[in-house]
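Dropping a structure here in structure tokens format, bear with me for questions.
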Amino acid sequence: MATRGLLLGRSFPLLLIHSSKTVKLTHGYGRRSSYSFLGESCSPCWRQNSAARFSAKALSNEEAPDVRRLAQTARISLTEQEVEDFGPKIQQVIEWFGQLQGVDLKQVEPGIRAATAAGKCFFPLSKVLDEAEEGVNLRDDVPVTFPKADAIIEGLPSYDAPYVRVPKFLHKED
Amino acid sequence: MASTLFRNVIQAQPLFLNSSALLRRKNGVLYCTMTQTATEEKQQQKSPQKIKVPPQKQMKEVSKIGADYEAVIGIETHVQLSTLTKAFCSCPYSYGAQPNTCICPVCMGLPGALPVLNSKVIECAVKLALALNCRLSFSSKFDRKQYFYPDLPKGYQISQFDIPIATGGSIDLDLPLEFGGGHRRFGITRIHMEEDAGKLMHSGNGSYSQVDLNRAGVPLLEIVSEPDMRTGIEASEYAAELQRVVRYLGVSNGNMQEGSLRCDVNVSVRPIGQAEFGTKVEIKNLNSFSAINRAIDFEISRQVNLHSQGQQDSIVQETRLWEEGAQKTVTMRKKEGLADYRYFPEPDLPEVVLTKAYMDSVGKSLPELPEAKRRRYEEMGLSMQDVLFLANDIAVADFFDATIQKGADVKLAANWIMGDIAAYLKNEKLSINDIKLVPHELAELIASIKSGTISGKIGKEILFELLAKGGTVKGLIEEKDLVQITDLVDIEKMVDKVIAENPKQLEQYRSGKTKLQGYFAGQVMKASKGKANPGILNKVLVEKLNAKV
């Protein structure tokens, strides 16, 4: 496991870009996380095609983001004008993050994910845990029936009791 | 099985060659389509009849065909955990519940809902990892695997991508005797935690589909094997052993029929001696261990056949479906690009951190695993057949162990359990935990027969009573006065009486019908209510019948 650093892949979510000229960047989750975007499906390591990791090459100006493909994978329809406009905007966002590539991480332990006090859960022997100290995020295996399941069903756009009705899909398409 | 399928494929070969030749020349397209259909129809007509081929013949044929080729098989298994609640919310899950009733905002992926991990899932993962000799990651994380599909409410599946909870283990198993026996060890690449999707059903008339989201969010453990298997039987035994292990551990009920154990198989072939793998093909829709076996053997012969025809390039990386009716694999979809799941760490879930103390405490709670049991039973002197039977079900093994502990003879206990008791369980459709017979009574029964207190035949009758109604051996012997009669004088008296009462048969015996000894024995047994010791009885009978002149 090499130093993960901060690598951004092409498939940066389109969530943040809506309007206009300046790209407003909001942290969706309120905390800085280290994302590593691994573009391709992996699982078994013995598979011939192993995961491709996007390198800093993706940040260079030579590789403009493939907006059409991004929109397709996110199932967002764009007009031709939007496809043209969004390319440079996305590139700007990537470059803005890309400043982090300048940080020297040689002396830093690779982090698996954002580690905050509230972000770790430990498994001591005893069941009684000092939550304030450890910030445990685990739940006991105790069933609780959600009381308003009816409301959820009512909110479904297409219900064919007792199933949810959906258009016919045969294959998992990306 | 493979041989007959192979024959079918061979028959089709010349036609395929012809049709491709015709296609190249851009004529006769209609012709080749029709002949292909005719061939397929013939195959379908033939195949259903030839499903049952003796396993040994099957193995011989496969090895004959594949003498120059080696199959490389890897299996991905999904095990549905039998926790009370789902992985990331407190919804109770029960198989067969009314559709769309075990739901809540979290598993339905409604806006604002956040996942909270069920601690039992981690416990199950650690148990399984330790049982499969894996290396546990002290620190692992969850990732989002993103794709759109109607049975996936959030639009992503919470899984573990690059840092799973366990890596690098192995599983030991013994092949059944009817397939040649032998011990095998297969590697495990990784185990990770993830959540299940809902169930998508296609309606009959085809214009829409239906989704049941009860299953969405149920915890799964995905076990990926090393590509160590080489034949269909090795693969199906691997799956069977995984089922045994998860049942022993109590983490899952491992029912393939219910979907709590699902296997996807990857098969490729390569010429023997070649280091690189051939093109692999994934096979889905395998609903039983025997389906795994047959599908793999079919796929191996299909690929070997293409290789030997020089058409290995027509083997493409794809997903094929196993058709149980036709007993063959068919292409599921033509195009198979590598899916882009855009994995990234799940921001709503913290790192999963394990301490050594926790791992040790879970390790201590593990029961004796199937492999350890098999080796122990072997050392006790049981035959491989007995070993495989007894170690297959943990409840049966525990019953056997308890009986042995009370001092019963190992071989006799095994025989009783595998014979009469197993037959009873099968007839009454019960599990060994349901019967009224308790291990120490079985031990008592065995001891009573061994000591001669009761005869073997009486023993069987008592057993039936004990299985159905319980009670104690001693109690039943007393109550029904079943103690064996072994006193010589008593038996002689009974024999004399019976001989005196049956002069006609005595005449017949004396004149040559020696088979009538059985008749006399039967009469004595009847008079003694089955209590006469058969050995002594027959000895006395022979003496007396042949004595007086």
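Give the accessible area for residue B:525 in Å² (nearest 10); use a 1.4 Å probe, count only protein heavy atoms, and leave out ligands, DNA and RNA.
About 50 Å², ignoring ligands and nucleic acids.
Return the average number of partner chain Cβ atoms within 10 angstrom of each residue Cβ along peptide A:150-160.
Taking all residues of A:150-160 together, the mean is 2.
To continue, here is another question. For a protection proxy built on the mean count of beta-carbon atoms within 10 angstrom, sort B:294-307, B:241-254 highest first, please.
Descending mean neighbour count gives B:294-307, B:241-254.
Okay, next question. Using the per-residue mean of other Cβ atoms lying within 10 Å as a proxy for protection, in what order, highest first, do the peptides B:357-364, A:87-94 fall?
Packing order, densest peptide first, comes out as A:87-94, B:357-364.
Pop out the ³J(HN,Hα) list for the range B:172-182 in order, Karplus 6.51 cos²θ - 1.76 cosθ + 1.60 with θ = phi - 60°, rounded to Hz; leave Gly and Pro as x.
10, 8, 10, 6, x, 4, 5, 10, x, x, x
Right, next: What's the angle, to the nearest 10 degrees (0 to 90), between helix B:119-131's Cα axis and the longest principal axis of chain B?
Long axis of B:119-131 versus the principal axis of chain B: about 70 degrees.
Explain nothing, just the number: relative contact order of chain B, from Cα pairs under 8 Å at least 6 residues apart, as a whole percent.
Normalised by residue count, the contact order of chain B is 13 percent.
Based on the Cβ-Cβ distance of residue A:152 and residue B:372, what FRET efficiency does E = 1/(1 + (r/R0)^6) give at R0 = 56 Å, to the nearest 0.05?
0.75
If you plug each phi of the range B:440-455 into the Karplus form 6.51 cos²θ - 1.76 cosθ + 1.60 with θ = phi - 60°, what whole-Hz ³J(HN,Hα) values come out, in order, with x for Gly and Pro?
Values per residue, Gly and Pro as x: 6, 6, 4, 4, 4, 4, 4, 5, 4, 5, 4, 7, x, 4, 10, 7 Hz.
Extension gain residue B:401-residue B:481, at 0.36 nm per residue separation less the Cα-Cα distance, in nm?
Length difference between fully extended and current span is 25.8 nm.
What does the highest-first list of B:526-537, B:498-509, B:149-160 look like by mean Cβ count within 10 Å?
Result, highest mean first: B:149-160, B:526-537, B:498-509.
Which order do B:138, A:97, B:520, B:344 take when ranked by solvent-accessible area (1.4 Å probe, heavy atoms of all protein chains), largest first?
Heavy-atom accessible area, descending, gives B:138, A:97, B:344, B:520.
Quick check: Cα centre of the range B:187-244 to Cα centre of the range B:330-387, how many Å?
14
Want the number for residue B:275 to residue B:517: 0.36 nm per residue separation, take away the alpha-carbon distance, what's left?
79.9 nm
Hey, with R₀ at 51 Å, roughly what FRET efficiency would residue B:434 and residue B:361 work out to, going by the Cβ-Cβ distance, to 0.05?
0.95
Next question, about the same structure. Over 25 Å between C-alpha atoms is what I'm after, so list which of B:86/B:154; B:493/B:526; B:127/B:429; B:199/B:429 land there.
B:127/B:429; B:199/B:429
I need the phi-derived Karplus couplings for the range B:197-209: 6.51 cos²θ - 1.76 cosθ + 1.60, θ = phi - 60°, integer Hz, Gly and Pro marked x.
9, x, 10, 9, 10, 9, 6, x, 7, x, 8, 8, 10
If you average the sequence gap of Cα pairs under 8 Å that are 6 or more apart and divide by the length of the range B:414-479, what percent do you get for the contact order?
37
Quick one: which residues, 5+ away or cross-chain, put their amide H under 5 Å from the amide H of residue B:226? H built at 1.01 Å from N.
Result for residue B:226 returns B:187, B:188, B:189.
Just tell me how shielded B:147-156 is by partners: mean number of partner chain Cβ atoms within 10 Å of each residue's Cβ, no decimals.
Mean shielding by partner chains, rounded to a whole number: 3.
Another question, if that's okay. What does the extension gain come out to for residue B:199 and residue B:324, with contour length at 0.36 nm per residue minus their alpha carbon separation?
Net length gain for the segment: 42.9 nm.
Could you work out, residue by residue across B:459-465, how many beta carbons of other chains sit within 10 Å of that residue's beta carbon, and then give the average as an integer?
0
Still on this structure: So if R0 is 56 Å, what FRET efficiency would residue A:66 and residue B:450 give, r being the distance between their Cβ atoms, rounded to the nearest 0.05?
It comes out at approximately 0.10.
Choose one of B:211, B:424, B:98: the residue whose Cα lies farthest towards the positive end of the charge dipole of chain B (beta-carbon charges +1 Lys, Arg; -1 Asp, Glu; about the Cα centre).
Farthest along the dipole direction, towards plus: B:424.
The values are calculated or read from the model by the stated rules, or taken from the named source; none is laboratory data. Just so it is clear, the model here is predicted, and its values are computed rather than measured. No Cβ is skipped: glycine too gets one built from the backbone with ideal geometry, and neighbour counts run over all protein chains shown. Ligands, DNA and RNA are stripped out before the accessible areas are found, and what is left, the full protein with its side chains, is counted by its heavy atoms. Shrake-Rupley method; radii C 1.70, N 1.55, O 1.52, S 1.80 Å.
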